Amino acid sequence: MLIYLAYCTCTTTTLFARLRGWPQQRSAFSLGRFGFIVNLLAVLWGVAMIVNLSWYRPVATAPFYLNAAIYIFVPIILIVGAIYYYGFQKRRNANAPASAPSA
């Protein structure tokens, strides 16, 4: 489940970047007009897999770690990520110099 959490984090941030107009320039590889659709499907797939793998299953049919994921690992990852972002990354972004305007 943690692999899908990482996958969903990457695809979600890419989707937000696409909503803000990324990429500005064409590159050697591009999905063209299908990029947004493929990215949206990737986010939906990641969320569906996280829900599927985190879903509570009776202990008789599933080992402990499948049930523990939703109660232990997800909150820990979210808390550590929030501490990192609000404690270090947000402050770093606020102090970063503004980029030069493009010609």
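Quote the accessible area belonging to Leu31 in square angstrom, nearest 10, computed with a 1.4 Å probe and with ligands, DNA and RNA left uncounted.
70 Å²
Between Ile76 and Tyr56, with labels modelled 7 Å along Cα→Cβ, what's the label distance in nm to one decimal, could you check?
Going from the Ile76 label point to the Tyr56 one covers 2.0 nm.
Note down the nm distance, to one decimal, between modelled labels 7 Å out along Cα→Cβ at Ile83 and at Thr13.
Roughly 1.9 nm, to one decimal.
Over the chain, average the accessible area per residue using a 1.4 Å probe and give it in Å², no decimals.
Working: 8400 Å² over 103 residues.
Accessible area per residue, the chain: 82 Å².
Please compute the length gained on full extension between Arg20 and Phe34, using 0.36 nm multiplied by the number of residues separating them and subtracting their Cα-Cα distance.
Details: separation 14, 0.36 × 14 = 5.04 nm, distance 1.62 nm.
This chain segment gains 3.4 nm when fully extended.
In the chain, what percent of the accessible surface is made up of carbon and sulfur (1.4 Å probe, ligands and nucleic acids excluded)? Please report the intermediate quantities before stating the final value.
Details: 5940 of 8400 Å².
The computed percentage sits at 71.
What does the helix-only formula give at 222 nm for the chain: each DSSP H stretch with n ≥ 4 adding -39500 (n - 2.57), the total divided by the residues, and the result rounded to the nearest 500 deg cm²/dmol?
Working: 5 runs with 60 residues, N = 103.
Result for the chain, helices only: -18000 deg cm²/dmol.
The values are calculated or read from the model by the stated rules, or taken from the named source; none is laboratory data. In this text, all values refer to a predicted model and were calculated from it rather than measured experimentally. Here Cβ is always computed from backbone atoms with ideal geometry, including for glycine, and neighbour counts include all displayed protein chains. Calculation scope for accessible area: heavy atoms of the full protein, side chains included, ligands and nucleic acids excluded. Shrake-Rupley method; radii C 1.70, N 1.55, O 1.52, S 1.80 Å.
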